[in-house]
Amino acid sequence: MAPNKPREASIERTSEYEEFIEKLVVYHEKRGTHLDREPKVGSRRIDLLRLWKRVIEEGGYDKVSDTKGNKLAWRRLAGEFLPGSPNLTTQAFIVKSSYYKNLAAYEISTIHNREPPPPSILEDVSAKGGDLLNRTVENYFPTGSREPDRLRNGESDSEESDENGEPKKTPKPDKMDVDEPGSTGRVTRGLRHAPPQRVLFQPEMTSARQTRTATGSLHSPQPGSQSNGAFGQSLTAQTIMAYEPRTAVPVNLKPVLTPANNPDHFRSMRMKNIVNRKNRPVPMRGMMLPGTGFPGPNIYIRALHALQSKEPEEEAYALHHLVKISHERGDKYRFDQFPGLAEALIAKVIEVASIFYDVKWEISFVEEDLEQQSILNGLSGTSDLLQRIQSLELLDFQDDLLPEEVAKSLGMFNEAALIIRNMVMLHENALFVSMIPSVRDLIVVVLNLPNHATTVELQHYALEIAEQLTRFWTLDSQNPLYLSLLAQVDSEDRGKIITSLRGLGRIAMNLEATNKLTNVPKNSLQSICDWLLVEDEELRNACLDFLYLFTGFVDNVEILANEVDVEGLVNQLVRLLQYNAITYEERRSNAKSSKSSQQAESAPKLSVAIIEHLVALEEPERSSQWLRTCFEEDANGEITQIQLWSAYNAAFQDVMTTNQSLKALMPAKDFITNVSTTFGSASAQVLNIGGQPKYTIKGIRPRSVPVDPATKKQYMRCCWHPPSLLNGYADSKHSTTKIECGEFTSGVKAMWEHVISVHLKVPRDEGGKWLLEQKPDIDMANGDAVTATIPTKYFCHWGGCIHFNPSGTDSAFEAGQHMKTHLPDTSLMHSIHAKHNRTPSTSTPLTTSSQARYQNFQPQFGQPVGIGSVENRYNSSNLDIRSGVPSLSQQPSPNFRYYNTATDESQDAAGLPLASVLVLRNLARQLGKLNPPPQIHEVPDSPTHKRSRSESSPDRRRSTGAKKPRLSDAAMKAQRENEEIEKEEQEAEKAGWVPRIFAPVKEQLYFVSAHNLTLRNYMGGLFKAITDGGG
């Protein structure tokens, strides 16, 4: 007999396998389950590592166990592990059970990163079915044993099961192909037969065991007896039918409860177990150490309790985390969700007084304790807190160096105040804290701390808290908080001044009560008026907001008029009406004449600076910007494509030639296409004229003046004329019809540099600065300066100017400064410079002081002096020859300029100009209700008031006793002027506050009303108040 072939090893024990098994051992120990390291199927051992990898490749346990989407998957896997097995179906279920009990929970934890079901519904039950990821105690009901049903239905225990553990079904009777003895064969095969009668086995009860022969002889069936069913005369059937069991002997057996004989009992026990599982807390993974396993309260409750514990370390922990929470979660973190938090923070901040005074403030809610000096009233606030603070003794502080304990405490006080400050920025928190009376005492205590460097930060926090809370309070003139805020106005700290003014201005803002701002000290009012002169927009806004509320009441305005220079205040407010005004020029076109205006035929010539800016752009942006600069949309406009392409090439030809590194221009085809992209109404057309095609572009035309494509601001044209044409000399170089330079620049500075460099030819040094004076050559022998060249003569040919004719000037500086007089003045002194740049035809003398004030207030803009101005200066070419009257048709219509101030998102007035006009309106309304000011007996010492009243009085003239001489016309005119001056003085003495204060600035107010479109709607109310007040 040949020897048997040795069986291959079932498991490869590699290092990877050993490491994997160790991980499984640790996992099952933590889980409290048993691990079968090498499960056995038949005579072979299953490699768990190999089985793990194979199932994971298939998608996991639930994927392999899906009988609908992945049929017979376990059978295929069993075939790989047990090749050639005769009973593969049964062994497939054993392989599945091995994975289920050893690897299923590990797969859920490591692959799916989820908590596996407890062992009671996983390892402890059968591996039937799948869907482990969704199995829970509530939704899983394991099926009971089928043994009672099989016994009840007469099923055999030896039936085979399929791979999922389900028993195989008995084939249908019509599928059986068995011919019984004595049957009619196929004729009756398809008929339904009665099932065979089965008799349960009954064991023998006799003590002596009989032999098979004896048993057979005693109970042998009689041949020829009738059988039932399809067995007919079969011997087996006769034997079964003739069997008679022996008489049962009673046995003393104890009944055992089983699911078969008492299913109700086991059903009730199972339901009770399920209920207990639901109520049982989920155990923590691993062993739970003492004091662990419970998360405890969240950080919010933890910080609240730590703050209330009064332990320094716990308070430091709480304040550290609350600062971060209030900053990052200030929009969600609310006081009403954590009762006691606001009170704890307030009590903590109030403790700061113990560092500087010999007191430790405590908040009490018991009326019997409120009489003590160190007890603050937590019910309604402490009304005499200022008097108590003033009576305290200040501790001695030599320098800013604090002990360690004091520094730590001060840091915690600042953190507590910062937490309150951050949280009251939310409206709900501010409303909640405003209803706590002790927060007012907190602000008073902090604001009345000594002026020390260590208290600055804390006082700023207190002021910001007051700024958010005063809108919910009504404070009278004796309230400690109101007096403390007023005291901060006199501080030298800009931040304290601004915040305190804001806090005072917001008192009772959210209430129906009015904030009268009474008992404001005189020096504070004067300081507020003086701060309007400071170039600080934020400080000015705070002062104007305070003045707007303060001037809403007659009593306050009366104090302001008697104690403060109200005339200077009004003058400054009028100046602020044009704060940061932006110039806007409205272009008014001339009336249409019979002759149409001549349009430009070619693209305008741009300066080198503009071309260098455009050439640096990438295509097609370069061509689009050039088109927007030199062309505009016109429904009737038309230009040939070759003309447009030639103008584009000519504009960049010089720059492209000198700098070869620049990218080439766009091809002609792409350029024509980009025209339609740049201008939506432009379109390329082909016209057939005389049988010849003409390629044109319809919808655009050249601009007469190029513009900046971004701002649509017109460029400036150079009006420099060739000198040969002006002097009448023949010059072939300038023999064309073009009589001026005509180059456009982007602004005044660029035009000035263009004239200096191109026309005056002033050189630059190596650093790019202008050489206004030529450096002489140095004789190397004696070191003397030697003039090598004849000095250059500079002339001005701008618009026909003859300022330096005929000899010119040697100074380039003088020529450059003179050139600036031809250009618009954009400096801060433009209004003063413009007066000296007027032409005689447009200048008018200022005859009255009001006109002088109006001209000084109105911004002036010098216009470039061109040929027209020269003609106006030296001849009367603008006069009609027949009538001698100026020809209106030759004068261009003026452009009207507006000076608009700041606006908000809704395009309404905002900022300092709006606040100023509102304060002026309040002053005009309230001053009109006051009694006229006292008469002024002193005459101002001014050129217009040289004579006193006593000198010109009739009594003095009569005291001479001489006969009244006959006066000449000049004397009579002087006398009439004196009488008018006396009349004006008498009227001014009788006038009220409004005419006296607003009359000097009325012309300026009219200018603002006419030229400021933003404030136009508010100026009407101001003028009405001035008129009602007698102004």
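Within this structure, ALA542 passes the test of being at pLDDT 90 or above and in contact with a helix residue (DSSP H, G or I) (Cβ under 6 Å, 6 or more places away or on another chain).
Sub-8 Å Cβ pairs linking a first residue in segment 653-672 that is farther than 21 Å from LYS605 by Cα to a second residue that is of a type in the set (D, E, K, R), at least 6 apart or interchain, are LYS663/GLU618; LYS663/GLU619; ASP670/GLU619, ordered by first then second residue. Do you know which of the residues in segment 39-74 that are open to solvent by 40 Å² or more (accessible area, probe 1.4 Å) and of a type in the set (S, T, N, Q) is nearest to GLU12 (Cα to Cα)? Filtering segment 39-74 for residues that are open to solvent by 40 Å² or more (accessible area, probe 1.4 Å) and of a type in the set (S, T, N, Q), the one nearest to GLU12 (Cα to Cα) comes out as SER43. For the list (1) touching a helix residue (DSSP H, G or I) at 6+ places or on another chain (Cβ under 8 Å); (2) open to solvent by 50 Å² or more (accessible area, probe 1.4 Å); (3) touching a residue at least 40 places away in the same chain (Cβ under 8 Å); (4) not basic (Lys, Arg), I need the number of the one condition that VAL554 fails. VAL554 satisfies all of (1) touching a helix residue (DSSP H, G or I) at 6+ places or on another chain (Cβ under 8 Å); (2) open to solvent by 50 Å² or more (accessible area, probe 1.4 Å); (3) touching a residue at least 40 places away in the same chain (Cβ under 8 Å); (4) not basic (Lys, Arg) except (2).
Just for segment 563-597: of the residues that are modelled with pLDDT of 65 or more and open to solvent by 100 Å² or more (accessible area, probe 1.4 Å), which one is farthest from ASN900 (Cα to Cα)? Break it down into steps so the answer makes sense when it comes.
We begin by selecting, within segment 563-597, every residue modelled with pLDDT of 65 or more; these are 563-587.
Checking which are open to solvent by 100 Å² or more (accessible area, probe 1.4 Å) leaves us with 575, 580, 582, 584, 587.
Numbers: ARG575: 14, ASN580: 9, ILE582: 5, TYR584: 7, ARG587: 16 Å.
Looking at residues that are modelled with pLDDT of 65 or more and open to solvent by 100 Å² or more (accessible area, probe 1.4 Å), I get ARG587.
For ASP66, state whether it is part of a loop (DSSP other than H, G, I, E, B) and at pLDDT 80 or above. Judged against the criteria, ASP66 is a match.
Only one of the numbered conditions (1) over 17 Å from LEU133 (Cα atoms); (2) open to solvent by 20 Å² or more (accessible area, probe 1.4 Å) is not met by LEU77, and that is (2). Condition check: basic (Lys, Arg), closer than 19 Å to HIS320 by Cβ and in the same structural domain as TYR317 (by the TED database). Does ARG388 satisfy that? Considered against the rule, which asks whether it is basic (Lys, Arg), closer than 19 Å to HIS320 by Cβ and in the same structural domain as TYR317 (by the TED database), ARG388 comes out as no. Tell me whether segment 345-358 contains one or more residues that are at positive phi and assigned to a loop (DSSP other than H, G, I, E, B). The answer is no, given that none of the residues of segment 345-358 is at positive phi and assigned to a loop (DSSP other than H, G, I, E, B). Output yes when any residue across segment 91-99 is open to solvent by 40 Å² or more (accessible area, probe 1.4 Å), outside any helix (DSSP H, G or I) and touching a Phe, Trp or Tyr at 6+ places or on another chain (Cβ under 9 Å), and no when none is. Scanning segment 91-99, I find no residue that is open to solvent by 40 Å² or more (accessible area, probe 1.4 Å), outside any helix (DSSP H, G or I) and touching a Phe, Trp or Tyr at 6+ places or on another chain (Cβ under 9 Å), so the answer is no.
Consider ALA651 carefully, then state whether it is of a type in the set (A, V, I, L, M, F, W, C) and touching a strand residue (DSSP E or B) at 6+ places or on another chain (Cβ under 9 Å).
For ALA651, the condition - of a type in the set (A, V, I, L, M, F, W, C) and touching a strand residue (DSSP E or B) at 6+ places or on another chain (Cβ under 9 Å) - is met.
Here's the yes/no breakdown for (1) closer than 21 Å to GLU612 by Cα; (2) assigned to a loop (DSSP other than H, G, I, E, B):
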{"residue": "ARG622", "(1), (2)": "yes, no"}
{"residue": "LEU627", "(1), (2)": "yes, no"}
{"residue": "ALA647", "(1), (2)": "yes, no"}
{"residue": "ASP654", "(1), (2)": "yes, no"}
{"residue": "LEU662", "(1), (2)": "yes, yes"}
{"residue": "LEU665", "(1), (2)": "yes, yes"}
{"residue": "ARG701", "(1), (2)": "no, no"}
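Filter segment 738-760 for residues that are under 43 Å from the mean Cα position of the chain (by Cα) and in a helix (DSSP H, G or I); which is surrounded by the most Cβ atoms within 10 Å (Cβ to Cβ)? That would be MET751.
Okay, residues lined up against (1) more than 14 Å from SER484 (Cα to Cα); (2) open to solvent by 20 Å² or more (accessible area, probe 1.4 Å); (3) part of a helix (DSSP H, G or I); (4) assigned by the TED database to the domain that holds VAL570:
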residue	(1), (2), (3), (4)
GLY503	no, no, yes, no
MET509	yes, yes, no, no
GLU512	yes, yes, no, no
ILE528	yes, no, yes, no
LEU533	yes, yes, no, no
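Is one or more of the residues making up segment 103-112 closer than 21 Å to ARG45 by Cβ, in contact with a Ser or Thr (Cβ under 8 Å, 6 or more places away or on another chain), in the same structural domain as PHE20 (by the TED database) and surrounded by 21 or more Cβ atoms within 10 Å (Cβ to Cβ)? No: zero hits.
The test for being in contact with a Leu (Cβ under 8 Å, 6 or more places away or on another chain), in a strand (DSSP E or B) and not small (Gly, Ala, Ser) holds for ILE363.
The values are calculated or read from the model by the stated rules, or taken from the named source; none is laboratory data. Worth saying up front: this structure is predicted, and the values here are computed from it rather than measured. Glycine gets a Cβ as well: all are built from the backbone with ideal geometry, and neighbour counts include every protein chain shown. Ligands, DNA and RNA are excluded from the accessible area calculation, which covers all protein heavy atoms including side chains. Shrake-Rupley method; radii C 1.70, N 1.55, O 1.52, S 1.80 Å.
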